[in-house]
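The values are calculated or read from the model by the stated rules, or taken from the named source; none is laboratory data. Keep in mind that what you see is a predicted model, and the values were worked out from it rather than measured. Cβ atoms come from the backbone with ideal geometry, glycine included; neighbour counts cover every protein chain shown.
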Amino acid sequence: MSTESHLRLVWIYPDLLSTYGDRGNLLILGRRADLRGLPVECSEVRSDQTLPADGDIYLIGGGEDGPQALAAQRLINDGNLHRAVSRGAVVFAVCAGYQLMGSSFFAKGAKCAGLSILDLSSDRGPSRAVGELAGGIDPQLSLPPLTGFENHGGRTHLGPGVKPLARVTAGIGNDGQTEGAWQGKVLGTYSHGPALARNPAIADLLLSWATGTVLEPIDDSWPDRLRAERLAAVRS
C-alpha cells in the first residue's frame, strides 16, 4: 500500500473515459475498503495532468473512439502507468479502457497503438454487442459468475500471455466465446453496470491484490439479490 498506509485509488482520465456509470467502480472499491477499516485516498486524474506512479489500484473506464485514442496517446507519452504496473500496481480496465491495455485497437476506422500492458489486440466486429453479458470466471480466480452490461463494437483477440477472465454464457464479450482478460494484477472486461457493483467479488479480488492480504467477508445480501436477478434474466 502507499505511504501512510493509505490505499491509493487512481481513476484515470474521467474527462475522457467515463461512460455507463464506470465511476461507480471507484465508489465500490472505496466503500468495500472502508467497511474493512482500510483507509483510502481517491484521486481523479484528468487527461491534462500527470498520472501518479505511486497508486495502488488504477481504474480506467469506457468511452467513445476519439477520447479513447487520445487517452491511449497521452498514457503512452506519460509512461507512469507502465511504471506502476512494473512495480506491481493493480489495474482494472473497462471496455475502451480494456482495449487500450492491448497492443492495438481501432478508433474511427484507424488502427491505434495501445499500451501493450496486456497481450491482446482489438478490431471491429461485424455487429455491435449490446445487452446483458455473463459467464463463468476463470477457476484460478475462485470467483462467482460474471454479470454485466456490454455496449461495444470491438472484438478482442487474446495472445498467449493472458488468460480469459470468463467463458461467455450470454452476450459477446471478446468474441462470443471469451470475455475480458487478466495477467498478473491487471484485469480487463467489457462489463459495465458498473462492473464492480454487479461483481463485488472482483472488487475484493482487486483489494486483496493491492493489500497482499485475504480480506474478511462482509454482508453482500443486497448485491447477491441483484446478481441473482440479472443472472436469472439471461438464463430465462
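Scanning the stretch 145-162 for residues that are surrounded by fewer than 15 Cβ atoms within 10 Å (Cβ to Cβ) and either of a type in the set (Ser, Thr, Tyr) or more than 21 Å from Lys111 (Cα to Cα) (or both) yields a count of 2.
The residue pairs whose first member lies in the stretch 132-150 and is farther than 17 Å from Trp209 by Cα, whose second member is among the hydroxyl-bearing types (Ser, Thr, Tyr) and outside any helix (DSSP H, G or I), and whose beta carbons are closer than 6 Å, counting only pairs six or more residues apart or on different chains, are Leu133/Ser191; Ala134/Thr147; Ala134/Thr169; Gly135/Thr169; Gly148/Ser191; Glu150/Tyr190.
For every residue, the table says whether it meets (1) closer than 28 Å to Ile172 by Cα; (2) touching a helix residue (DSSP H, G or I) at 6+ places or on another chain (Cβ under 6 Å).
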{"position": "Gly188", "(1), (2)": "yes, yes"}
{"position": "Ser191", "(1), (2)": "yes, no"}
{"position": "Ile218", "(1), (2)": "no, no"}
{"position": "Ser236", "(1), (2)": "yes, no"}
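Within the stretch 163-198, being aliphatic (A, V, I, L, M) and either touching a Gly at 6+ places or on another chain (Cβ under 8 Å) or surrounded by 24 or more Cβ atoms within 10 Å (Cβ to Cβ) (or both) holds for Leu165, Ala166, Val168, Ala170, Ile172, Ala181, Leu187, Ala195, Leu196, Ala197. Within the stretch 33-46, can one find any residue that is surrounded by fewer than 17 Cβ atoms within 10 Å (Cβ to Cβ) and farther than 23 Å from Leu215 by Cβ? Yes, the stretch 33-46 has at least one match.
For Pro160, indicate whether it is part of a loop (DSSP other than H, G, I, E, B) and either closer than 24 Å to Leu231 by Cβ or hydroxyl-bearing (Ser, Thr, Tyr) (or both). No: the conditions fail for Pro160. Looking at Gly88, Gly136, Gly125, just one residue is surrounded by fewer than 24 Cβ atoms within 10 Å (Cβ to Cβ), out of contact with any helix residue (DSSP H, G or I) (no Cβ under 7 Å at 6 or more places or on another chain) and either among the basic types (Lys, Arg) or closer than 23 Å to Arg225 by Cα (or both), and that residue is Gly136. Got at least one residue in the stretch 9-27 being in contact with a helix residue (DSSP H, G or I) (Cβ under 9 Å, 6 or more places away or on another chain), of a type in the set (Asp, Glu) and buried (at least 23 other Cβ atoms within 10 Å of the Cβ)? Scanning the stretch 9-27, I find at least one residue that is in contact with a helix residue (DSSP H, G or I) (Cβ under 9 Å, 6 or more places away or on another chain), of a type in the set (Asp, Glu) and buried (at least 23 other Cβ atoms within 10 Å of the Cβ), so the answer is yes. Being of a type in the set (D, E, K, R) and assigned to a strand (DSSP E or B) holds for only one residue in Arg230, Arg167, Arg225, and it is Arg167. The sole residue among Trp209, Trp182 that is modelled with pLDDT of 95 or more, assigned to a helix (DSSP H, G or I) and aromatic (Phe, Trp, Tyr) is Trp209. When restricted to residues that are within 20 Å of Ser191 (Cβ to Cβ) and assigned to a helix (DSSP H, G or I), the stretch 22-64 contains 10. Tell me which residues, restricted to the stretch 17-72, are polar (S, T, N, Q) and either closer than 22 Å to Pro217 by Cα or free of Cβ contacts under 8 Å to residues at least 40 places away in the same chain (or both). Selection gives Asn25, Ser43, Ser47, Gln49, Thr50.
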